[in-house]
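Read the structure below first, then the notes.
The values are calculated or read from the model by the stated rules, or taken from the named source; none is laboratory data. Remember, predicted model here, so these are calculated numbers, not experimental data. Quick reminder, even Gly has a Cβ in these numbers, built from the backbone with ideal geometry, and neighbours come from all protein chains shown.
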Amino acid sequence: MKFGSVPLDAAEGAILAHSVPLSKGRLKKGRALSSDDIAGLRDAGVADVVVARLEPGDVDEDGAAARLAAALVPDPDAAGLWIGPAATGRVNLFATAPGVVEIDAAKIDALNAIHPMITVATLRPWQRVAARTMVATVKIISYAVPGDALDRACAMGRDAMRARPVALRRAELIQTAVPGTQESGEKGQRAIGERLDRLGVDLAPVHIVDHRIAPLAEALAASEAEALLILTGSATSDIADVAPEAVRHAGGEVHHYGMPVDPGNLLFLGELGGRPVVGLPGCARSPALNGADWVLERLLCGVEVTPRDIAGMGVGGLLKEVAQRGRPREG
């Protein structure tokens, strides 16, 4: 693409780079200048204009943005995404239903390194989305880009994103109460219920048992929910503590304890009869974001969460402090 100032006699058919005021109205940038436009500019006393002119092999901004978006999401229906129309070199992509967004960050990074005028910006991987949430925006910065660079970007970014819809629709929160305390369970139930409601997941009624292995194991084994959540009256301090042991006694397994996200350190993850079990940290009683949100949202959308996944959450895992915590970071 050629870019620069040219006399009016050489500007017809070129793309106007900057808006120009006329005696009546203005010519907006991005417009392909017609003979009438040239006449209007001459009447306004304009002698030359800054324009962009495509060279052989160049692809205009809207065409390039549309092609790249189609490469990123070859099958929008299967990916749970909707591709918007191209305008001013931009195409936006939206989720069609609640869920989490799966992004191949390596592909996006490689694509963005091909040509500085070809860009894609996305949400962070696995971010929760609602219907109509913008997941990504494709932006061609210049008025045109070389076709060979666009071809490489399309190949590099092919099938790089999708929205993973909610897969589990029924969850149960089982809370434990330490003898001698008056725990209604309403605070935890309300905070978890609000989280699940954002994804359209039903939460069973309040269920509280004594903070002992046997009653908790019995409650877990009896539950018919698709996802089991545990919130203990006393913090889980070890992988052999009451709640993890209860999972094992119910016939399940505990895969991981602890996470490098604060708040959220004291989470544990397990499985019972093919259903995910999440031992929630006490900070989950607050509606504020914590590490359990990142795990729970993925699991409810049918995305496996491994110990390695949890270990990789530390960068960016220093979240806003929850004031209600018994042991804040400072003080």
### Query
So A64 clears everything in (1) in contact (Cβ under 8 Å) with a residue 12 or more places away in the chain; (2) within 30 Å of R128 (Cα to Cα); (3) out of contact with any helix residue (DSSP H, G or I) (no Cβ under 7 Å at 6 or more places or on another chain); (4) small (G, A, S) except one condition, right? Which one?
(3)
### Query
Within segment 79-89, which residues are closer than 12 Å to M161 by Cβ and among the hydrophobic types (A, V, I, L, M, F, W, C)?
A79, L81, I83
### Task
Would you be able to say whether some residue in segment 119-133 is touching a Lys or Arg at 6+ places or on another chain (Cβ under 7 Å), of a type in the set (V, I, T) and modelled with pLDDT of 95 or more?
yes
### Message
Tell me whether segment 267-275 contains one or more residues that are charged (D, E, K, R) and under 22 Å from the mean Cα position of the chain (by Cα).
### Response
no
### Message
For the list (1) surrounded by 14 or more Cβ atoms within 10 Å (Cβ to Cβ); (2) not assigned by TED's automatic domain parsing to the domain that holds G274, I need the number of the one condition that G185 fails.
### Response
(2)
### segment 279-296, residues that are within 16 Å of A225 (Cα to Cα) and either out of contact with any Gly (no Cβ under 8 Å at 6 or more places or on another chain) or surrounded by fewer than 24 Cβ atoms within 10 Å (Cβ to Cβ) (or both)
L296
### Task
Can you confirm whether segment 58-74 contains a residue that is under 15 Å from the mean Cα position of the chain (by Cα) and part of a helix (DSSP H, G or I)?
no
### Query
Can you name every residue in segment 9-56 that is within 28 Å of I118 (Cβ to Cβ) and hydroxyl-bearing (S, T, Y)?
S19
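For segment 10-27, how many residues meet the condition of being touching a residue at least 12 places away in the same chain (Cβ under 8 Å), surrounded by fewer than 11 Cβ atoms within 10 Å (Cβ to Cβ) and not polar (S, T, N, Q)?
Quick first cut of segment 10-27, residues touching a residue at least 12 places away in the same chain (Cβ under 8 Å) only: 11-18, 20-23, 27.
Filter once more, keeping what is surrounded by fewer than 11 Cβ atoms within 10 Å (Cβ to Cβ): 21, 23.
From the residues that got through so far, the ones that are not polar (S, T, N, Q) too are 21.
Residues meeting the conditions: 1.
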### Query
What strands (runs of 3 or more DSSP E) lie completely within segment 244-331 and have 3 or more residues being without any contact (Cβ under 8 Å) to a residue 40 or more places away in the chain?
253-257, 268-272
### Task
Would you be able to say whether some residue in segment 65-72 is buried (at least 18 other Cβ atoms within 10 Å of the Cβ), closer than 30 Å to D197 by Cβ and assigned by TED's automatic domain parsing to the domain that holds V120?
no
### Task
Return yes when V6 is in a strand (DSSP E or B), closer than 26 Å to I114 by Cβ and among the β-branched types (V, I, T) and no when it is not.
no
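Within segment 171-182, how many residues turn out to be touching a residue at least 12 places away in the same chain (Cβ under 8 Å) and surrounded by fewer than 15 Cβ atoms within 10 Å (Cβ to Cβ)?
The initial filter retains those residues of segment 171-182 that are touching a residue at least 12 places away in the same chain (Cβ under 8 Å), namely 171-179, 181.
Applying the additional criterion that residues be surrounded by fewer than 15 Cβ atoms within 10 Å (Cβ to Cβ) yields 178-179, 181.
Matching residues across segment 171-182 total 3.
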### Message
If I go through segment 90-105 residue by residue, how many of them are surrounded by 23 or more Cβ atoms within 10 Å (Cβ to Cβ) and free of Cβ contacts under 8 Å to residues at least 60 places away in the same chain?
### Response
1
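Give segment 192-215 a look and list any residue that's closer than 30 Å to T96 by Cα and out of contact with any Leu (no Cβ under 9 Å at 6 or more places or on another chain), or say none. Write out each step before concluding.
First, the residues of segment 192-215 that are closer than 30 Å to T96 by Cα: 192-205.
Across segment 192-215, the qualifying residues are E194, R198, G200, P205.
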